[in-house]
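Structure, as structure tokens:
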Amino acid sequence: MRTEEDLAGVLRQAARRAPDSDLLAGVRARRRRRAGRRAQAAAALAVVVVAGTVAVRGLFLDVPDASGVRGGDVGGARPPVIATPATTGRVDVELAKPVREAWPEATFTMSARAADGGLRRPITALNARELLVHVGATTGTGSGTTAGATAGTDSGTDSGTDSGTGAGTDAEARLEVYDLGAKTSRPVARMPAGTARLPTFTVNGERIAWHVAPTQEIREVWTVPLTGGEPRLLARFAGTHLGMDTIAVTGEHVVWSERGGGGLWRVPLTGGPVEQVPGADGLSLIAWPWAGDAPADRDANQTRLVNLETGETRRLVMPPDTRGLRCGPRWCSARHGASGFVQRPDGSGYTEFWRIGFGSLPFPYLVGDRFLNLLSLVYDTANGALVRVDLRTGKTLGAGATSEPSKVLYWETDRRDEYQVLNLAAVPPAQ
């Protein structure tokens, strides 16, 4: 997980390379020109950060540069295990089904506004029916639904975005649990005063935690029970721990990793001293208890997985000329030549994405170690399904502001102040 500023920089750079194109228009055009479609370059996503979420403006043609750093060439890291896949699969963008056709039980509509007019921003799915939602102030300029890059518009820069800042007075912001079926919500907590930026959240079955940067030199770690209550400040740093990255809630601690090889740190949920997590030097948190040695260079490869509870270490296997390998305990994604692929950490299950490039992927780790989120496309490793979001011209699409890849995507509909929601926690398991 990168900070909002890092992610925004990467995504703005990708967006500046993008011609104006629309996913559906591009797919339909290829179908009309089937004789020439084999010459198409791989597609990649142009995205920008909008009010703490990621908004997509469609697919664009992008052939990744062949001069990337190979895994094992980074800072004395152990050489990776190189192996040619024994079997391969292929996924074609033209076979993608509309999301509402493929997963009707996982698609919903919800109002973008709370009863008091506050703007809702989905954070993640708690289960097949409920979302954790951030509700912003009722006044102000930041909406997250109209600013920034949108489908079919010229949005190669970040002009017009609020970069995740709160609208109106931040004391009005709050967390709620929203029931997608009943279309009702229950309050969880009001966000602390001073939380002007939308925080980076994480949630387990009992607690929500987040880290936030009230200023450039201040970092704070907070938690609140999912059942509701007053948020508790666990740690506040002035001038230190500025590289806070991925965060997680364990049984007794809030744990986070820090960029630049800063390792993992933790603070007790009951409060107390902050300490380093043993055995985590040079690692970054993926999903507790798993961490990896993914470099800051997005083209360089992760080479190992480490279980920080048991000490188990797995060396990763990858094809020759792999770039940007990122692995959770079950699945990996990476780039190879002008295409992307997924595979298991041991190199099995290799599946290539034909005409779908992975340049500047904002979410290299799979959602729940199952779904590859390409924003306007989602691939399910459990059954090989590829679905597409039919994003209308001039509309934005967002993914929740969570530390781990969010289980919810949402996008604007033609109705004012309404979202279409894809809840990945509601997608049926593989049969």
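Read-outs: derived from the displayed coordinates by stated rules, not from any lab. Just so you know, these numbers come straight off a predicted model, no measurement behind them. As a convention, Cβ positions derive from the backbone with ideal geometry for all residues, glycine included, and neighbour counts pool all protein chains shown.
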What order, most packed first, do the peptides 187-193, 235-241 have when packing is the mean number of other Cβ atoms within 10 Å of each residue? 187-193, 235-241
Q216-T240 pseudo-label distance in nm [points 7 Å out on the Cα-to-Cβ vector]: 2.2
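Can you put S284, S339 in order of Cβ neighbours within 10 angstrom, beginning with the fewest?
On the way: S284 24, S339 19.
Result, fewest neighbours first: S339, S284.
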Provide L325, L316, L386, L95 in ascending order of the number of other Cβ atoms located within 10 Å of each residue's Cβ, fewest first. L95, L386, L316, L325
Determine the gain in length on full extension of the stretch R330-E94; use 0.36 nm per residue of separation and subtract their C-alpha separation, reporting nm with one decimal. 82.3 nm
What spacing in nm lies between the two simple spin-label points modelled at R259 and E230, each 7 Å away from Cα in the Cβ direction? 3.4
For a label point 7 angstrom out from the Cα of T184 toward its Cβ, which stretches of region 206-238 have the backbone nitrogen within less than 11 Å? none
Taking other Cβ within 10 Å of each residue's Cβ, how do E275, E220 sort, fewest first? E275, E220
Given the Cα-Cα distance of T310 and I82 and 0.36 nm per residue of separation, how much length would full extension add, in nm? 79.5 nm
Which FRET efficiency value, to the nearest 0.05, is calculated for D281 and E252 with the Förster distance at 30 angstrom and r the Cβ-Cβ distance? 0.90
